[in-house]
């Protein structure tokens, strides 16, 4: 079986430049998260009511649903306003919460002033391999839940939800 | 038109095929072992494996006089595509919000 090194799954990197200072961009991204977060992006069983990012290390990233439930989907690993924060992406294939950080990928968002009053926002979603056992672990015979096929299930569920 | 992504979704839309993927998470297996414990015939399992291969979720390789099936490590690439689009949508929404706020400040 082909071994997959832990770093073999390349991160997803996206950037956008916005007309705001890093302080303001950081605030909109986090404190005002609900004001812009796409309504299709949630793991609840009923429509998304409010999306919340708690502004502190260890803070929860969660949503309030219209049926009154709350859905955790991440937590703040690094909190360094206004320049960057890192969150753990804690979603399983069944759209449930993954409490184990070792089985969560992470998303870093950096805010860099461009010198003309604007801010470049760089986003990196990395360590996808943590969601799965990885081929190396599978080869060792460890039957771990949350394999990469589970993430494809996540992918499938998301597309089904939004299509 | 069936796209690459659609074919993966279709492949995952079947309970037996998901059970096969779950078995292969533990390592490569010949069809006889994959079929064990599944409530379908061996030819049916072979048919499911064909669908999974076409969806690039499973690869087969010969070993001796039999074929071993295993998860296709390149399945990761479509995952990346998914998140690439996911975050693209999110960042565009973020930028729109900032532009809206900037316009309000100027007004």
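The values are calculated or read from the model by the stated rules, or taken from the named source; none is laboratory data. In this text, all values refer to a predicted model and were calculated from it rather than measured experimentally. For neighbour counting, all protein chains shown are included, and Cβ atoms are generated from backbone atoms with ideal geometry for every residue, glycine included.
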Residue A:84 vs (1) modelled with pLDDT under 80; (2) in contact with a strand residue (DSSP E or B) (Cβ under 7 Å, 6 or more places away or on another chain): all pass except (1)
Is there a residue in the stretch A:88-95 that is outside any loop (DSSP other than H, G, I, E, B), modelled with pLDDT under 85 and buried (at least 17 other Cβ atoms within 10 Å of the Cβ)?
yes
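Condition check ((1) within 7 Å of another protein chain (Cβ to nearest Cβ); (2) part of a helix (DSSP H, G or I); (3) modelled with pLDDT under 80; (4) surrounded by 13 or more Cβ atoms within 10 Å (Cβ to Cβ)) across all residues:
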| residue | (1), (2), (3), (4) |
| --- | --- |
| B:43 | no, yes, no, no |
| B:56 | no, no, yes, yes |
| B:61 | no, no, no, no |
| B:84 | yes, yes, yes, yes |
| B:87 | yes, yes, no, yes |
| B:94 | yes, yes, no, yes |
| B:97 | yes, yes, no, yes |
| B:104 | no, yes, no, no |
Of those in the stretch B:8-20 that are more than 12 Å from residue B:38 (Cβ to Cβ) and part of a helix (DSSP H, G or I), the residue modelled with the lowest pLDDT is B:9
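Going through the stretch B:63-80 one residue at a time, which ones are modelled with pLDDT under 75 and either more than 9 Å from chain A (Cβ to nearest Cβ) or closer than 19 Å to residue B:25 by Cβ (or both)? Full working, then the answer.
First, pick out the residues of the stretch B:63-80 that are modelled with pLDDT under 75: B:73-80.
Answer for the stretch B:63-80, where residues must be modelled with pLDDT under 75 and either more than 9 Å from chain A (Cβ to nearest Cβ) or closer than 19 Å to residue B:25 by Cβ (or both): B:73, B:74, B:75, B:76, B:77, B:78, B:79.
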Only one of A:105, A:75 is crowded, with 20+ Cβ neighbours inside 10 Å, modelled with pLDDT of 90 or more and closer than 24 Å to residue A:32 by Cα, namely A:75
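Mind listing just one residue for me: the one in the stretch A:28-48 that is outside any loop (DSSP other than H, G, I, E, B) and touching a strand residue (DSSP E or B) at 6+ places or on another chain (Cβ under 7 Å) and, of those, farthest from the other protein chains (Cβ to nearest Cβ)? So that I can check it myself, show each step before the final result.
Filtering the stretch A:28-48 down to residues outside any loop (DSSP other than H, G, I, E, B) leaves A:28-30, A:33-35, A:48.
Okay, now just the ones that are also touching a strand residue (DSSP E or B) at 6+ places or on another chain (Cβ under 7 Å), so A:29-30, A:33-34, A:48.
Numbers: A:29: 6, A:30: 11, A:33: 9, A:34: 10, A:48: 13 Å.
So the residue we want is A:48.
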